[in-house]
Amino acid sequence: MTMRVRIKHTQGMSAHLSFFIMAMVAGAPPLLRVAAAQVPPYSTIVNPGMRTEEIQQAINSGSGAVYFMPGLYKLTGPLCLNSTGRTYVGPGSSDPRVGSVLMQTSPPDPITGLGVPVFAVDRAITSVTISGLAFDGAPGVNARGIGAVDPRQCHHTGDPNGGFLFISTISGSYFLTGLAEGIDIPMQITAIEGNHFGVDSVNAGWIGSTHRHIHSFYAYAPGQTTEIRVINNTFARAKGAESVLFESGTQLEMIGNEFQDNDARTTLQINGMLQVVLEKNRFERNSGTYIIHFAPSRHGDQLIGNNIVRAQNNFYDMQLNDFIFTIDQAGGADVFMGGESGVRFTHSDGTAADLTDPSIANSCNAITHAPIYLSTIGPFNFADYKARNPNCCGRTETTPCK
């Protein structure tokens, strides 16, 4: 039996969608009847045949969950998320034949070059869930997936300091290579879980000169990047400065993520964060002298470093890297490492990779009376590590670490 369901407009009828499908397939086999009964009720359903303005109108006039039906959405402007407690959901695929791919085609700002986001936020938005959607951009438009914007882009007053997400979740979504920025918005108490960054654009895998996965920095107030959990995501094919940047706040947890084949100057850039946990992440075939770069916050003249950084049970493939991490000493950082493992600390040309560079390792020397930037809290498993002291500060170490 073949069943076709076509839904053109959505408001006011989606709550009865599962009942409607059940009535159509009442004579279907039991398995199909069960699957149809599990179609959840959405307050708003949109489809690729709708213009950007129509989708925005449906979002504005509805409440609760917004379901994006499968297909390719060629947007001509941002979709503004302007209310709290909403869910934006799709089927969970980057293939427009079965998933919902939202592609921004609007050109960037002619002065700044900043791209238009697919989802735009111009105020503090609370309790938002974004799940199962794919974000992409047309070639050359510097599109962003989820981004903070000036309120004028959303045609209302908003917050003059721009938007940020609060107590929200981004999960099971796809951020394709057509984007210049995946998630480009300040966040507080937000979970980023089970997403896929760096998946091929629907435009034949197109990728621009810049492709960054996450950038969270609230320029108007220090210390606001707070309680962020980044768990079980995949990050690939970043280009430019870094794959992920978090800046100025407290309690950043990055657990169980995979960073592979990123072609950025560094993979993780962490600036001025307090209480950072890096655990059970895998770093493989990423470019850059350093995999992780710790630096002070850029808030004016405040040189706020990173305090209490705990890195444990991570895996590093060092074939393209010289050091796991470095620290800008103007701000400093206290790094605790243990249970780490990795391969290719001896490169094919005979050079050796190390935990950190000599300027940082030398600061562990008690004779210099410099701060102790690195402490080891457990054994390492680096089979081909050739530095002088594998469980201390590396080949430049002259005295025991503290």
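Numbers for the structure displayed
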| item | result |
| --- | --- |
| Radius of gyration and Dmax over the Cα atoms of the range 41-171, both given in Å | 13.7, 43 |
| Where Rh is the Kirkwood radius over Cα pairs, Rg/Rh for the range 64-382 | 0.98 |
| Percent of alpha-carbon pairs separated by more than 23 Å within the range 203-287 | 23 |
| Assigned charges on the beta-carbon of Lys, Arg, Asp, Glu; the range 64-382 dipole about Cα centre (debye) | 640 |
| Dipole of the range 64-382, positive direction: furthest Cα of Ala219, Gly198, Pro139, with charges on the beta-carbon | Pro139 |
| Reachable aspartates and glutamates from Lys74, criterion Cα separation under 16 angstrom, eight or more residues apart if same chain | Glu53, Glu54, Asp95, Asp136 |
| Residues whose placed amide H lies under 5 Å from that of Gly240, excluding near-sequence neighbours | His211, Arg265 |
| Zero-based 10 Å bins, Cα pair distances in the range 110-228, whole percents | 15, 46, 33, 6, 0 |
| Label-point gap, in nm, between Ala219 and Asp384 - each point 7 angstrom along Cα→Cβ | 4.4 |
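FYI, it's all coordinate maths here, none of it is from the lab. Remember, it's a predicted structure, so these values are computed and weren't measured experimentally. Quick reminder, even Gly has a Cβ in these numbers, built from the backbone with ideal geometry, and neighbours come from all protein chains shown.
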